[in-house]
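The values are calculated or read from the model by the stated rules, or taken from the named source; none is laboratory data. Everything quoted here is computed from the prediction, not taken from an experiment. All Cβ positions, glycine included, derive from the backbone under ideal geometry; neighbour counts span all protein chains shown.
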């Protein structure tokens with residue numbers, strides 16, 4: 001049996017190059033919908049039984065009604081059922097139902113499960129652990145596996161996965177598990193695969209014993225997001241293997257002037273496969289003297305020739321030019337990768353806990369501060 005997995009959709013009227021609203025939805029939000037529909041079509045073509053979405057369907061806990069409507073419409077076009085778990089972005093508290101997914105509970109194509117559990121959603125002969133976003137996911141998962149009382153084949157969760165080559169800030173995150181955790185679960189509880197959302201870069205950390213996959217975000221949310229996103233992971237639950245399918249969607253690419261000139265000559269960034277099929281947004285950093293040249297390139301047709309003489313044209317939806325002298329410093333914090341943002345979240349929570357007059361006040365202050373930072377920085 002096959003199951004499609006996507007993650008971190010981040011439905012929202014994102015402000016960066018979002019364009020005007022049409023019926024309450026801007027083009028950045030519509031781009032997400034196109035990617036979701038493409039992913040569910042691919043899952044259907046590959047004979048998946050259903051699609052799992054491992055968190056962060058919405059970008060914040062209180063999406064506009066029109067944004068909810070866009071998501072509901074996109075999901076309704078799926079021929080497959082979608083199993084949705086809340087991530088950290090759409091929840092307003094730890095209480096059941098305190099998340100934006102509650103608005104999709106009545107959808108006939110969506111099954112929303114916002115409680116950690118061991119289930120048999122993949123059928124009577126499969127058992128999986130379902131773990132929406134929680135703090136300290138390692139401890140939470142460990143307890144659920146112990147309480148299950150039977151082998152659990154697959155773990156679906158919203159958490160980052162740390163490996164030996166992860167950077168120090170990822171290893172410091174409380175909202176992550178490690179490859180070693182997954183290997184221990186395989187030995188002690190029979191886990192064959194761990195499939196995680198949350199961090200936006202797609203990675204297959206192990207392809208067996210057990211299978212360990214960081215799904216990555218279906219779309220790029222801001223210019224700080226990694227290029228290796230936009231994936232549908234097709235899990236074969238019998239073989240414990242995956243097929244990874246590239247899904248076209250919005251791509252937000254930062255270039256300096258030399259890189260823009262290279263693109264104009266047909267040398268497109270190799271990190272972005274199938275770029276001609278994607279809605280592309282460019283941010284070009286250049287000097288005042290180079291601005292006129294940059295505008296000329298961006299306003300022209302950008303093409304490349306493939307082997308065999310096939311010519312592709314870049315689907316350039318919009319672009320922006322920033323001052324090369326100030327852009328790196330001005331954008332450094334606003335465009336931190338999601339993995340680093342979670343460490344920033346930890347710093348905010350720790351400071352609030354240490355300085356608030358009461359635990360409840362600290363928790364509330366931290367949530368408000370993190371939500372504000374996300375809103376002004378386009379956080380992921």
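Output the residues belonging to segment 268-287 that are at pLDDT below 95 and assigned to a loop (DSSP other than H, G, I, E, B).
Answer for segment 268-287, where residues must be at pLDDT below 95 and assigned to a loop (DSSP other than H, G, I, E, B): 269, 270, 271, 272, 273, 274, 287.
Does segment 51-59 contain any residue that is touching a helix residue (DSSP H, G or I) at 6+ places or on another chain (Cβ under 9 Å) and in a helix (DSSP H, G or I)?
Within segment 51-59, none of the residues are touching a helix residue (DSSP H, G or I) at 6+ places or on another chain (Cβ under 9 Å) and in a helix (DSSP H, G or I).
Since residue 8 meets every condition but one in (1) part of a helix (DSSP H, G or I); (2) out of contact with any helix residue (DSSP H, G or I) (no Cβ under 6 Å at 6 or more places or on another chain); (3) buried (at least 17 other Cβ atoms within 10 Å of the Cβ), which condition does it not meet?
In the conditions (1) part of a helix (DSSP H, G or I); (2) out of contact with any helix residue (DSSP H, G or I) (no Cβ under 6 Å at 6 or more places or on another chain); (3) buried (at least 17 other Cβ atoms within 10 Å of the Cβ), residue 8 misses (1) alone.
Only one of these is without any contact (Cβ under 8 Å) to a residue 24 or more places away in the chain and in the same structural domain as residue 7 (by TED's automatic domain parsing): 165, 225, 198, 236. Name it.
Values: 225 fails: without any contact (Cβ under 8 Å) to a residue 24 or more places away in the chain; 198 fails: without any contact (Cβ under 8 Å) to a residue 24 or more places away in the chain; 236 fails: without any contact (Cβ under 8 Å) to a residue 24 or more places away in the chain.
Among 165, 225, 198, 236, only 165 is without any contact (Cβ under 8 Å) to a residue 24 or more places away in the chain and in the same structural domain as residue 7 (by TED's automatic domain parsing).
Anything in segment 312-325 that is over 28 Å from the mean Cα position of the chain (by Cα) and either at pLDDT 95 or above or not assigned by TED's automatic domain parsing to the domain that holds residue 272 (or both)? List them, or say none. Reasoning before the result, please.
Taking segment 312-325 as the starting set, the residues that turn out to be over 28 Å from the mean Cα position of the chain (by Cα) are 323-325.
Answer for segment 312-325, where residues must be over 28 Å from the mean Cα position of the chain (by Cα) and either at pLDDT 95 or above or not assigned by TED's automatic domain parsing to the domain that holds residue 272 (or both): there is none.
Got at least one residue in segment 23-31 being in a strand (DSSP E or B) and in the same structural domain as residue 198 (by TED's automatic domain parsing)?
Pass one, segment 23-31, residues in a strand (DSSP E or B): 25.
Cutting the leftovers down to in the same structural domain as residue 198 (by TED's automatic domain parsing) gives us 25.
Yes - at least one qualifying residue is present in segment 23-31.
Of the residues in segment 1-20, how many are out of contact with any strand residue (DSSP E or B) (no Cβ under 8 Å at 6 or more places or on another chain) and in contact (Cβ under 8 Å) with a residue 24 or more places away in the chain? Break it down into steps so the answer makes sense when it comes.
Residues of segment 1-20 that are out of contact with any strand residue (DSSP E or B) (no Cβ under 8 Å at 6 or more places or on another chain), as a first pass: 14-15, 18, 20.
In the following step, the residues that additionally are in contact (Cβ under 8 Å) with a residue 24 or more places away in the chain were identified as 14-15.
The total comes to 2.
Conditions tested, residue by residue: (1) modelled with pLDDT under 95; (2) surrounded by fewer than 17 Cβ atoms within 10 Å (Cβ to Cβ).
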position	(1), (2)
42	no, no
46	no, yes
51	no, no
63	no, no
77	no, yes
106	yes, yes
110	no, no
118	yes, no
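Could you please let me know if residue 74 is without any contact (Cβ under 8 Å) to a residue 60 or more places away in the chain, assigned by TED's automatic domain parsing to the domain that holds residue 237 and within 19 Å of residue 36 (Cβ to Cβ)?
On the way: without any contact (Cβ under 8 Å) to a residue 60 or more places away in the chain: yes; assigned by TED's automatic domain parsing to the domain that holds residue 237: yes; within 19 Å of residue 36 (Cβ to Cβ): yes.
It is true that residue 74 is without any contact (Cβ under 8 Å) to a residue 60 or more places away in the chain, assigned by TED's automatic domain parsing to the domain that holds residue 237 and within 19 Å of residue 36 (Cβ to Cβ).
Restricting to segment 196-222, what's the tally of residues that are under 21 Å from residue 253 (Cβ atoms), in a strand (DSSP E or B) and touching a helix residue (DSSP H, G or I) at 6+ places or on another chain (Cβ under 7 Å)?
Going through segment 196-222 one residue at a time, the tally reaches 0.
How many residues does segment 189-209 hold that are surrounded by 23 or more Cβ atoms within 10 Å (Cβ to Cβ) and within 21 Å of residue 173 (Cβ to Cβ)?
Qualifying residue count, segment 189-209: 7.
Look at segment 276-295 and say how many of its residues are more than 26 Å from the chain's Cα centre (by Cα) and within 12 Å of residue 254 (Cβ to Cβ).
We begin by selecting, within segment 276-295, every residue more than 26 Å from the chain's Cα centre (by Cα); these are 286-295.
Pick out the ones that are also within 12 Å of residue 254 (Cβ to Cβ) and you get 286.
Final tally of qualifying residues: 1.
Identify, please: which residue in segment 149-182 is touching a helix residue (DSSP H, G or I) at 6+ places or on another chain (Cβ under 7 Å) and over 20 Å from residue 55 (Cα atoms) and is, among those, modelled with the highest pLDDT? Before the answer, list the steps.
Restricting attention to segment 149-182, the residues satisfying the condition of being touching a helix residue (DSSP H, G or I) at 6+ places or on another chain (Cβ under 7 Å) are 151-152, 155, 157, 159-163, 169-170, 172-177, 181.
Remaining after also requiring over 20 Å from residue 55 (Cα atoms): 151-152, 163, 169, 172, 181.
Numbers: 151: 86, 152: 92, 163: 93, 169: 72, 172: 79, 181: 96.
Taking the candidates together, the pick is 181.
From the set of residues in segment 173-192 that are touching a strand residue (DSSP E or B) at 6+ places or on another chain (Cβ under 9 Å) and not in a helix (DSSP H, G or I), which is nearest to residue 242 (Cα to Cα)?
Looking at residues that are touching a strand residue (DSSP E or B) at 6+ places or on another chain (Cβ under 9 Å) and not in a helix (DSSP H, G or I), I get 192.
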